[in-house]
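These notes concern the structure reproduced below.
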Number of protein chains: 2
Amino acid sequence: MTSIETVSADGENKPENGAGTKSTVAGDAYRKLRALILQGALLPGQKLKFEATQQELGLSASSLREALTRLVSEGLVASAQRRGFSVAPVSIEELEDITRLRNILEPLALRDAIEHGDDAWEAQILATYHRFSKIDAVQGDAPGIVDEQWSHWHRAFHEALVAACPSRKTMQFRSVLFEQSERYRALSVARRTQPRKKSDEHRRLMEAVLSRDGDAAEALMIRHVTMTTEFVIQALAAAQQDDGGRI
Amino acid sequence: MTSIETVSADGENKPENGAGTKSTVAGDAYRKLRALILQGALLPGQKLKFEATQQELGLSASSLREALTRLVSEGLVASAQRRGFSVAPVSIEELEDITRLRNILEPLALRDAIEHGDDAWEAQILATYHRFSKIDAVQGDAPGIVDEQWSHWHRAFHEALVAACPSRKTMQFRSVLFEQSERYRALSVARRTQPRKKSDEHRRLMEAVLSRDGDAAEALMIRHVTMTTEFVIQALAAAQQDDGGRI
DNA sequence: GCCGTCAAAATTTTCGAAAATACGCTTGGT
DNA sequence: ACCAAGCGTATTTTCGAAAATTTTGACGGC
């Protein structure tokens, strides 16, 4: 048995692993579509017509269907039987639901990681934080722009924090929820009118984790997740007034 | 917007809804395969060759692929890139992982349900418990037989208990974990040598829930989940000695 | 005798077109 | 003028075969 494909987000498959990666058409489509949805390029509710989507990604119906099926089970795409697929709708209620569960699973994973983490785990946290903080510091304060690099390292950092958690299931669910949250954040960023205000939440979180202070880490994590959601809700609510609820 | 297909187990789609159900080939295959895996007819690790599986279910490669993809994301099937699919392997560690998370999510959903449940919810609990208890009382004590009816009403009862929980995400994850647990239980039943000993756990659980006693319900639920897992582990460990770990 | 290489066979993955279904529009009736 | 039914079009779903990849087995060199 070689490499079992995990259900979701394996962080990032490097373009090369040994003798050249073997990607699949359906897998590529899945990742591409996921990226488009996560960065808000495809809007919630938008219909994903086969012919158009197919052409855009350059693949056959069956493969596209496979990719979409995968996204459905991750909650990023909705499927109406025999009426095709569409980008999953968003709602403040759903975001609150996601947040509530995240506030349970993230601390759970974090405490596990703190308990089991080794030197490599610590190093990885430091490394990803470094990358993230550089980008975070530089990142343009111009609203309305979804920064791919920022998202990437933000995710990598959060992933690194909990990477030492030995529970596969917890990690899996956590990852799905994180992803869903990210979509909301991206949507709110795209609609944001005020510049983002930077914070040192991530640094403090990292420090608590590295000093193996479970209680502090949990508190900071919950605060981080909760506050992020609050900002997102504000931005979405404001945008919705202009939109007339278009998203 | 009519009916959005949910990610997993909608309990059971009735054969008729209004003007005749519209099933899809891929969806049927998905349900059929899932049933086979859950009742242990397909053994863990077993390769799911396309030609054979396709013929058995009578469908094309693409549709089968779609069904398998769905099962992968529910953790019942494993996919090795370009080397096809196989029934997800089992391990005591995984079962313990599943159990640990279930012991968090089930009580969470249960407390929510107790808080929000209305008369219809109570009625449904009573109804499904009635069906379940009848079958549970009669059920042959002969080991080695997986009773479809028992499984069905057992699941329905547990689903009914938490049905009033308003958190979609919690319900979704709970459902996935319940399903995975069921597979382990089925596998242990098939290998069980001693007759099952009946208990009144379910009745007491129901009573606590209906009397809206969250603490008692939580305690009973955790006990139920934990003890079930312990039995399963015992049976699997015993069987593994004979098998030489074949499953 | 063992290892690496190459080709045949088995298997999975992908495609492009056919079948099935839903949608919208016109038409005919009241 | 309004509704229903029927028909053509748009769209999704399914199929069966082609393409790509892995596995197997045999051969020849070391």
Sort out which residues of the stretch B:57-73 are surrounded by 14 or more Cβ atoms within 10 Å (Cβ to Cβ) and either away from DNA strand C (no atom under 11 Å from the Cβ) or in the same structural domain as B:E148 (by TED's automatic domain parsing) (or both), and write them in order of number. B:L57, B:L59, B:A67, B:R70, B:L71, B:S73
Within the stretch A:38-82, the residues that are within 13 Å of DNA strand D (Cβ to nearest atom), assigned to a loop (DSSP other than H, G, I, E, B) and touching a helix residue (DSSP H, G or I) at 6+ places or on another chain (Cβ under 9 Å) are A:L59, A:S60, A:Q81
Evaluate the following for A:I104: is it surrounded by fewer than 21 Cβ atoms within 10 Å (Cβ to Cβ), more than 10 Å from DNA strand D (Cβ to nearest atom) and facing chain B (nearest Cβ under 10 Å)? yes
Out of all the residues in the stretch A:83-98, which are in a helix (DSSP H, G or I) and facing chain B (nearest Cβ under 10 Å)? A:E93, A:E94, A:E96, A:D97, A:I98
Pairs please, first residue from the stretch B:72-84 and of a type in the set (A, V, I, L, M), second anywhere and assigned to a loop (DSSP other than H, G, I, E, B) and more than 7 Å from DNA strand C (Cβ to nearest atom), Cβ atoms under 6 Å, 6+ apart in sequence or on different chains. B:L76/B:A88; B:V77/B:A88; B:A78/B:A88
For B:V162, only one of the following conditions fails: (1) under 12 Å from the mean Cα position of the chain (by Cα); (2) modelled with pLDDT of 95 or more. What is its number? (1)
Number of the condition not met by B:L33 [criteria: (1) assigned to a helix (DSSP H, G or I); (2) within 12 Å of chain A (Cβ to nearest Cβ); (3) surrounded by 15 or more Cβ atoms within 10 Å (Cβ to Cβ)]: (2)
Note on B:K134: of the conditions (1) farther than 24 Å from B:E230 by Cα; (2) out of contact with any His (no Cβ under 8 Å at 6 or more places or on another chain); (3) touching a residue at least 24 places away in the same chain (Cβ under 8 Å), unmet is (3)
In the stretch B:109-139, which residue that is in a helix (DSSP H, G or I) and among the polar types (S, T, N, Q) is nearest to the chain's Cα centre (by Cα)? B:T128
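The values are calculated or read from the model by the stated rules, or taken from the named source; none is laboratory data. Quick caveat, the model's predicted, so the values are computed rather than measured. Don't worry about glycine lacking a Cβ; one is built from the backbone with ideal geometry, like all the others, and counts go over all protein chains shown.
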